[in-house]
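Below you'll find the structure, written out as structure tokens, and then a few comments.
Laboratory data are not the source of any read-out in this text; all were calculated from the coordinates shown. This structure is a prediction, so every number in the text was calculated from the model and none was measured. Note: ideal-geometry Cβ built from the backbone for every residue, glycine included; neighbour counts use all protein chains shown.
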Amino acid sequence: MLRELTKGLFRENPVLVLMLGLCPFLAVSVSLQNAVGMGFAATFVLICSNTIISIFGRFFPSKIRIPCFIVVIATFVSIVEMVISAWLPELNKSLGIFIPLIVVNCIILGRAEAFASRNKVIPSIFDGLGMGLGFSIALIMISFIREVLGSGQIWGITITSYFSNEGLIKPAAVMVMAPGAFVVIGLIMGFQNWRKARKLAQPIS
Amino acid sequence: MQEYILLFISIVLVNNFILAKFLGLCPFIGVSKQRKAAIGMGGAVIFVMTMASVVSWVVYRYLLAPTDSNLFYMMMGQGKVPADFDFTFLTTVVFILVIATLVQLVEMFLMKVVPPLYDALGIYLPLITTNCAVMGVALLNIKDFGMLQNAGVSLVKTALQGFGGGVGFMLVIFLMSGIRERLDQIEVPDALKGAPIAFICAGLMALAFMGFAGLGQ
């Protein structure tokens, strides 16, 4: 059971290893608030859709199962959309169209197809939770880097006055813009590959 | 006329779907290894994005939005106000179904009627359903132009945004495939081979495209 949970965190991390769900990943990773909001939303949808699909998945005719999955996912995304726009209008504004776009996030459809439709309820819930957390952790990591380097802030709070727009050293605004996102994710993936290669190269004692 | 040209330029170059709005990244990284595949994918995306923009606009304007032209309001709206027929909360569900159906229809239509085009685009079409650029353009259209008073202007702008978004997608994925064909032949640090170096190149491209800011709106 625990393995279903932990595999999503590192070994099969949906974003950094499987390269799924890149669009929201790069687009909302401008600040930590966005990252946490998006992470929660995606995890909630993943857990709910995995649950429903593992229970009712076997009743879907196999030819139209993908549209059925999409309807289930879209329902939960609509719920999240309404909740966020009602209670967190600011988050709603900064995430913008990327909340409804959770529907086409390949992680969620991928887990429904590859895991939830073939497994029992409890493992599917854990799988959804693990994958959601893996997505959130990766998202928080990259947003942390981009927010610190790009605007000199953590969770919207300036770290020191030296490293701010009024201070001696100005933060590199390019990091919070589009190019920064691409470069940071490229380097993070490279770092992960480098670590993996080093682990493999070590002699087995 | 000038307004439309500016809109087109700004969608293709300034607010490029991949490099500025981060939409459609999965096919961008996945299908940009060869130039031929990139052109096929780009063509399929232009086609589907234009169609999806128009169809989703019609669905939103005449079925979902609470306006005078809502079909449900026109049929059974005696003694009620348009706001009673506000189905916008269904937008996400309806759009994804419309797009998935549309892609299937386009695929079947091309297979029967234009076989050469189907051979060129066929394998890319099913991938497009989960391409967030298509869903993204539909949602952006509603946000940007959905509520314009003049239906004609709104429709033209919507179609233009869909077509321009597709053209921008094709331009960038084609440029990227050229870069990646070169990258295969030069020495890259082992850790960065494949996707990581592609992302870094995309970053540099995004930086270059930022130079277009100020061209459009």
**OP:** List, largest first, the extents of the alpha carbons of the stretch A:121-205 along their principal axes, each in whole Å.
**Re:** 50, 40, 24
Original post:
Rg (Å, one decimal) plus Dmax (Å, integer) for the alpha carbons of the stretch B:72-217?
Top reply: 20.8, 73
Original post:
Taking Cα atoms, how many degrees apart are the long axis of helix B:195-209 and the longest axis of chain B, rounded to 10 and kept between 0 and 90?
Top reply: 70
Original post:
If one computes the Cα centroid of the stretch B:104-164 and of the stretch A:3-23, what distance in Å separates the two points?
Top reply: 31
**OP:** Mind ranking A:105-118, A:156-169, B:183-196 by how tightly packed they are, going by the mean number of other C-beta atoms within 10 angstrom, highest first?
**Re:** A:105-118, B:183-196, A:156-169
**OP:** Enter the per residue convex hull volume of the stretch B:1-155, computed from alpha-carbon coordinates, in Å³ rounded to the nearest integer.
**Re:** 133
Subject >> For the protein assembly as shown, with +1 on Lys and Arg beta carbons and -1 on Asp and Glu, the positive-most of B:Val137, B:Ala208, A:Leu22 along the dipole >> reply: A:Leu22
Original post:
With no solvent and one point per C-alpha, what does the Debye sum give as log10 I(q)/I(0) for the stretch A:41-105 at q = 0.17, 0.22, 0.25 Å⁻¹?
Top reply: -0.59, -0.86, -1.02
Original post:
What is the mean number of Cβ atoms from other protein chains located within 10 Å of the Cβ atom of each residue in peptide A:192-201, rounded to a whole number?
Top reply: 2
Original post:
Counting alpha carbon pairs within less than 8 Å and at least 6 residues apart, what relative contact order, in whole percent, applies to chain B?
Top reply: 42
Subject >> the stretch A:9-137, relative contact order [Cα under 8 Å, separation at least 6], % >> reply: 47
**OP:** Return the average number of partner chain Cβ atoms within 10 angstrom of each residue Cβ along peptide A:90-100.
**Re:** 3
**OP:** Compute the long axis of helix B:91-113 from its Cα atoms, compare it with the longest principal axis of the Cα atoms of chain B, and write down the angle in degrees, 0 to 90, nearest 10.
**Re:** 70
**OP:** For chain B, set up a Gaussian network in which alpha carbons nearer than 10 Å are linked by springs, and say which option among B:Phe145, B:Phe22, B:Phe89 fluctuates the most.
**Re:** B:Phe89
Subject >> Isotropic mean projected area of the C-alpha convex hull, the stretch A:1-100 (nm²) >> reply: 7.5
Original post:
Which helices, counted as full DSSP H runs in chain A, have an axial Cα extent of no less than 20 Å and a Kyte-Doolittle average of 0.0 or above?
Top reply: A:32-56, A:65-87, A:121-151, A:178-201
Subject >> Fluctuation leader among A:Phe44, A:Phe182, A:Phe76 - chain A, Gaussian network, Cα springs under 10 angstrom >> reply: A:Phe182
**OP:** Report, in debye and to the nearest 20, how large the dipole of the stretch B:68-177 comes out about its Cα centre when Lys and Arg carry +1 and Asp and Glu carry -1 on their Cβ.
**Re:** 80
Original post:
Taking only the alpha carbons of the stretch B:139-217, what extent do you get along each of the three principal axes, in Å, biggest first?
Top reply: 56, 21, 18
**OP:** From other protein chains only, count the Cβ atoms within 10 Å of every residue's Cβ in B:19-32, then give the mean.
**Re:** 4
Original post:
Rg and Dmax of the stretch A:77-142, using alpha carbons, in Å: what are they?
Top reply: 13.6, 39
**OP:** With everything on Cα atoms, drop me the angle between helix B:35-59 and the longest principal axis of chain B, reported from 0 to 90° to the nearest 10.
**Re:** 10
Original post:
How big is the Rg/Rh ratio for chain A, C-alpha atoms only, Rh by Kirkwood, two decimals?
Top reply: 1.03
Original post:
How big is the stretch B:32-83 in terms of Cα radius of gyration and Dmax, in angstroms?
Top reply: 18.7, 60
